[in-house]
Amino acid sequence: MKIDEQIRCMKLLMQRLDDGTTVDAGGMVRNPVEAYTSQQRAGQEWETMFQSYPQVMGLTGDLPAPGSFLTSNDLGKPILMTRDKDGAFHAFLNVCRHRGTVVEGDQRGQKTLFSCPFHAWGYSATGELVSVPKEDHFGPVDKSCHGLVELAAEEKHGLLWVHPEVGSQFDLDELLGELGEEFESWGFGDLQFGAITTYETPMNWKFAIDTFGETYHFNVLHKNTLANDIYGNVQCYDTYNRNHRMMLCAKAIDKYRDLPEEDWDILQATIPVYYIFPNIQLIPSGRIENRPKDQLSGATLVRVYPHKDNPHKSFSQISFYTNPNIPEEFRLAMSERLTSFGEIIRDEDYAVAATGHLGATSGALTHFTFGRNEPALHHYHNTYNEMLGLEPLERISN
Ligand code: FES
Ligand SMILES: [Fe+2]
């Protein structure tokens, strides 16, 4: 993040604290509850946003070395991601070209040959079919056209991107806009994978995204946890094409008021929360006292998914990463902090959001209301509507 942007955000947050103000979307809007409960809508968004749109599948640290692999079934199809011997990132449908069996069953690991569990056809990390057992009995197989089916994939700014649709391409610079440069500056690519947890939730996936879209709830829902060291209802907010960034305001910001700007530490004073359309929250973290300045100590990646065509269930893959270049004591502290952050998401945000889904299906209300202080919800749902060819959210006040 550029230094002048760091200073701008910190000054703005200090000013908002002093004035008792926060970000203002310029009006209130409302969103029909069917957006969360409609079966037809679930089918549309699954096709448009989860089958035909580039997806963040992890960070560079999920494939730590040549020969690393990662599998995913989150998008309703088996996907195998590899780092080849030269370090290049690839993605394939994890589907054997013999009779369709899922080739690699493990979630992650190290391998140079992927051997199908059915008849042991073997594939390389670059997807070539390299061995067919008993080929003299089976018959000749043209290996040059029976490799794993490759998907468009790119590793950039420390993130792993895959287009889940065979034959599709994507342009990351166009998708991210200025956010690409900012991601690069955080050094996400240096982070090491820590752990991953899956939370299954009885709610539409958009409830999960919405919980990350405002800090209005901090002093209430998180009064005994996050609100201990974050000011609720004070933030900076900026959009980058379909994506956005919220800068949450840590209480530690106050100690910088009397320090020269060159000593300001954005990762102590704020918590940046990036949303990448349609389903990603990426949260760089440096909030460890006395850590080496200007170094990310870790990050949390939240990937939220619907179940195909089912508006009433979703799941989140929450993974955290730490920086191997910082001293061990900071890494351990970071691991503990990020583990407990994941538990807060599960036990507080998602727990209450799931009751919102019950509310949506109860017949009690026709719309949800998004306030002036919740611009991320406006932008997310307007972007979502635009993707599906729907009207923008209905404005109900100025
Ligand atoms: S289905 Fe994979 S080797 Fe036969
Ligand atoms: Fe929350």
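Worth a mention:
- Condition met for residue 313 (more than 14 Å from the chain's Cα centre (by Cα) and at pLDDT 90 or above): yes
- Flag if residue 141 is in contact with a helix residue (DSSP H, G or I) (Cβ under 8 Å, 6 or more places away or on another chain), within 14 Å of ligand 1 (Cβ to nearest atom) and assigned to a loop (DSSP other than H, G, I, E, B): yes
- Remark: residue 29 matches the filter, which requires a residue to be assigned by TED's automatic domain parsing to the domain that holds residue 377, crowded, with 16+ Cβ neighbours inside 10 Å and at pLDDT 95 or above.
- Among residues of region 96-124, those that are within 22 Å of residue 65 (Cα to Cα), in contact (Cβ under 8 Å) with a residue 12 or more places away in the chain and assigned to a strand (DSSP E or B), counted: 8
- Test: residue in region 263-271 that is of a type in the set (Ser, Thr, Tyr) and farther than 16 Å from residue 375 by Cβ: yes
- The strands (runs of 3 or more DSSP E) falling completely within region 285-375 that include 3 or more residues that are under 25 Å from residue 158 (Cβ atoms) map to 298-307, 310-322.
- Number of the condition not met by residue 331 [criteria: (1) more than 23 Å from residue 201 (Cβ to Cβ); (2) among the charged types (D, E, K, R); (3) within 16 Å of ligand 2 (Cβ to nearest atom)]: (3)
- Residue in region 108-128 that is out of contact with any helix residue (DSSP H, G or I) (no Cβ under 8 Å at 6 or more places or on another chain) and acidic (Asp, Glu) present: no
- Residue check for residue 66: more than 16 Å from ligand 2 (Cβ to nearest atom), outside the structural domain of residue 199 (by TED's automatic domain parsing) and out of contact with any Lys or Arg (no Cβ under 6 Å at 6 or more places or on another chain): no
- Options 40, 55; residue that is crowded, with 21+ Cβ neighbours inside 10 Å and out of contact with any helix residue (DSSP H, G or I) (no Cβ under 7 Å at 6 or more places or on another chain): 55
- The residue of region 102-119 that is farthest from the chain's Cα centre (by Cα), among those that are hydrophobic (A, V, I, L, M, F, W, C) and loosely packed, with under 14 Cβ neighbours inside 10 Å, is 118.
- Of all residues in region 341-378, those that are free of Cβ contacts under 8 Å to residues at least 40 places away in the same chain and within 23 Å of residue 232 (Cα to Cα) total 4.
- Cβ-Cβ distances below 7 Å connect the following pairs, each with a first residue in region 125-141 that is over 23 Å from residue 70 (Cα atoms), a second residue that is part of a loop (DSSP other than H, G, I, E, B) and among the small types (Gly, Ala, Ser), and a separation of six or more residues or different chains: 133/120.
The values are calculated or read from the model by the stated rules, or taken from the named source; none is laboratory data. Just so we're clear, the structure is a prediction, and the values are computed from it rather than from any experiment. Note that we place each Cβ from the backbone using ideal geometry, even for glycine, and neighbour counts take in every protein chain shown.
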